[in-house]
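Worksheet: the structure to be examined is printed underneath.
Coordinate-derived values only; no laboratory data. All of these numbers come straight from a predicted model, not from anything done at the bench. Because the Cβ atoms are built from the backbone with ideal geometry, glycine has one as well, and the counts that use them run over all protein chains shown.
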Amino acid sequence: MSDKPIIAVLLDRLPEGCVLHDAEDLRPYECDGLSAYRSLPLAVVIPENVEQARLALQLCAQHVVPVVARGAGTGLSGGALPLADGILLSMARFNRILDIDVANRVARVQPGVTNLSISTAAEPYGLYYAPDPSSQIACSIGGNVAENAGGVHCLKYGLTTHNIQALEILTMDGEHMTIGSAALDAPGLDLLALLTGSEGLLGVITEVTVKLLPRPETAQVILAAFASVDAAGAAVTAVIASGIIPAGLELLDRPAIHAVEKFIDAGYPSDATAILLCELDGSSVDVGVQIEHVNRVFRDAGATELKVSQNEAERLRFWAGRKAAFPAMGRLSPDYYCMDGTIPRKHLARVLNRIETLSDEYGLPICNVFHAGDGNLHPLILYDANRPHHHR
Ligand SMILES: Cc1cc2nc3c(=O)[nH]c(=O)nc-3n(C[C@H](O)[C@H](O)[C@H](O)COP(=O)(O)OP(=O)(O)OC[C@H]3O[C@@H](n4cnc5c(N)ncnc54)[C@H](O)[C@@H]3O)c2cc1C
């Protein structure tokens, strides 16, 4: 039994195995994807059902102990970083898909379900869940809602906030609320948008109703190489200005291309200064027309090489490089800090050039791999936490 009152209370009221408090059991929870910051909580509570989660929240509220919710712990903003005087509430056991409603194109899922498994479960019905963060194999839908996660396909299909319909939540003192509704509109204030991206500060999500979309008949990717980031940045603006909204439009700069190619053979040209990956989806006829159009725009913008995926395996290979870009950083550096900021698309080239200048100035390499179509930058600043001057 622990000398900390809240731990004793939790151990007394929750089933065995739901409360971890030994230091070695807490260690795996000391940080999320932002590993530069670490802290052990008083205890980790891993409820099996809503009643247990509610009880844990009520007990913590009574004892004035702060609670941080955690999904899969892949967040890059420190949202699931425990508080040293608080409880970490892991939603990992809420891992069931409750219902797929094909007629209404929605799925009700528990918050610990991984992003990718929703699309996998919906696949037999010809449906999928569109937002696809690169961490989708691991990250949870609860974490996606709390971070308003985006992904490659959000340019065309929107972020998490545009693809959910309702939430069941527990407030921090354990009160149950339904936010949104089974219908497309709900009366009153749009609290769904408020909850989305609130990093668990407004409540603990216990169920999510996500929207599902019909799988497009076909999709193809254009891989375009450029001799400068300026040219690649200008090509992004030109594609959107030409009236096409690609399903995805991503940019990798030279350091990112090299890191990825060493990690996984994605077929990226190693002599390019920047590449764009542009996915077009829809009916075969539409995709054919759009590919011709985008190829022309890229050529006019100075593309030095253009490849179009010829089959599904090649399309997935092109994306595999992009999706492996963050893990590939491990080949270059023991640690990285991922910035996340969105700028007007037309300033891409200027901002990328400025990032390069700052990289030289501070002596820290930076790789850029990001959602260019949205102007959503992810400069990855490479450093070594064991070298003191690297994290002043
Ligand atoms: C390799 C890699 C690639 C990534 N790519 C992308 C990307 O393309 N796009 C993107 O947006 N993000 C990306 N991320 C970041 C991360 O995966 C997302 O933010 C994801 O949504 C986090 O989900 P999670 O389950 O890991 O949440 P966690 O990290 O566990 O938590 C994130 C936040 O959500 C809160 N939270 C978690 N579950 C709940 C719940 N049930 N109720 C209330 N609050 C909750 C936590 O308190 C915390 O504030 C990437 C991360 C990595 C490591």
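Look at where the Cα atoms of the stretch 54-101 and of the stretch 212-240 average out, and the two centres are 38 Å apart. If the chain linking Asp300 and Met339 were pulled fully straight, counting 0.36 nm for each residue of separation and taking away their Cα-Cα distance, it would gain 10.9 nm. The Kirkwood hydrodynamic radius of the stretch 218-383, based on inverse pair distances between different Cα atoms, is 15.8 Å.
In the stretch 249-302, Cα pairs under 8 Å separated by at least six residues give a relative contact order of 33 percent. Distances between placed amide hydrogens fall under 5 Å for Val67 paired with Ile87, all partners being 5 or more residues away or on another chain. Excluding Thr209 itself, what net charge comes from residues whose Cβ is under 13 Å from its Cβ, given Lys and Arg +1 and Asp and Glu -1? That sum, taken over residues with Cβ under 13 Å, equals -1. Applying Stokes-Einstein at 4 °C and 1.567 mPa s to the Kirkwood radius of the stretch 301-343, computed over alpha-carbon pairs, gives a translational diffusion coefficient of 98 µm² s⁻¹. Taking only the C-alpha atoms of the stretch 113-235, Rg followed by Dmax gives 16.9, 57 Å. Loop-resident trypsin sites (Lys or Arg not before Pro) (DSSP state other than H, G, I, E or B) in the stretch 59-100 with no more than 13 further Cβ atoms inside 10 Å of their Cβ: Arg96.
Sequentially through the stretch 142-159, phi angles give Karplus couplings (6.51, -1.76, 1.60; θ = phi - 60°) of x, x, 4, 5, 5, 9, 6, 4, x, x, 3, 8, 6, 4, 8, 10, x, 7 Hz, Gly and Pro residues having no value and appearing as x.
Checked against a 23 Å cut-off, the cross-linked pairs Lys262/Lys323; Lys262/Lys346; Lys211/Lys307; Lys262/Lys307; Lys156/Lys262 give Cα-Cα distances beyond that limit for Lys262/Lys346; Lys211/Lys307; Lys156/Lys262. Classified by the C-alpha gyration tensor, the stretch 5-90 has a prolate form. Its axis ratio a/c, with a ≥ b ≥ c, is 1.5 or above, and a/b is larger than b/c.
Relative to the longest principal axis of the Cα atoms of the chain, the long axis of helix 254-263 lies at roughly 70 degrees. Extending 7 Å from Cα along the Cβ direction at Lys346 and again at Asn95 yields two label points whose distance is 4.9 nm.
Sequence-ordered 3J(HN,Hα) estimates for the stretch 308-324 from the Karplus curve with 6.51, -1.76 and 1.60 and θ = phi - 60° stand at 10, 4, 9, 7, 5, 5, 6, 4, 5, 5, 4, 6, 4, x, 4, 5, 8 Hz, glycine and proline given as x. Taken one residue at a time, the phi angles of the stretch 295-306 give Karplus couplings (6.51, -1.76, 1.60, θ = phi - 60°) of 4, 5, 4, 5, 4, 4, 7, x, 4, 8, 7, 9 Hz. Gly and Pro are set to x.
Remark: relative contact order (the stretch 90-226) = 27 percent; criterion is Cα-Cα distance under 8 angstrom and separation of 6 or more residues. Could you check how many percent of all C-alpha pairs in the chain are farther apart than 36 Å? Across the chain, Cα pairs with separations above 36 Å total 30 percent. For Ala274, the residues 5 or more places off, or on other chains, whose built amide H falls under 5 Å of its own are Phe226, Ser228. Extension gain for Asn104-Lys262 works out to 52.4 nm (0.36 nm per residue, less the C-alpha to C-alpha distance). The value of relative contact order for the chain, using C-alpha pairs under 8 Å at least six residues apart, is 13 percent. Return, ordered by residue number, the residues of the stretch 42-85 whose backbone nitrogen is under 16 Å from a label point located 7 Å along Cα→Cβ of Leu11. Correct set: 42-46.
For the pair Asp185 and His162, the difference between a 0.36 nm per residue extended length and the Cα-Cα distance amounts to 7.0 nm. Ranking Ile137, Asn376, Val294 by how far each Cα lies toward the positive end of the dipole of the chain (charges on Cβ) leaves Val294 at the top. Annotation: peptides 273-284, 210-221, 340-351, ranked by per-residue average of other Cβ atoms within 10 Å with the highest first, follow the order 273-284, 210-221, 340-351. The loop-placed GluC sites (Glu not before Pro) in the stretch 1-59, going by DSSP, that have at most 14 neighbouring Cβ atoms within 10 Å of their Cβ come out as Glu16, Glu48.
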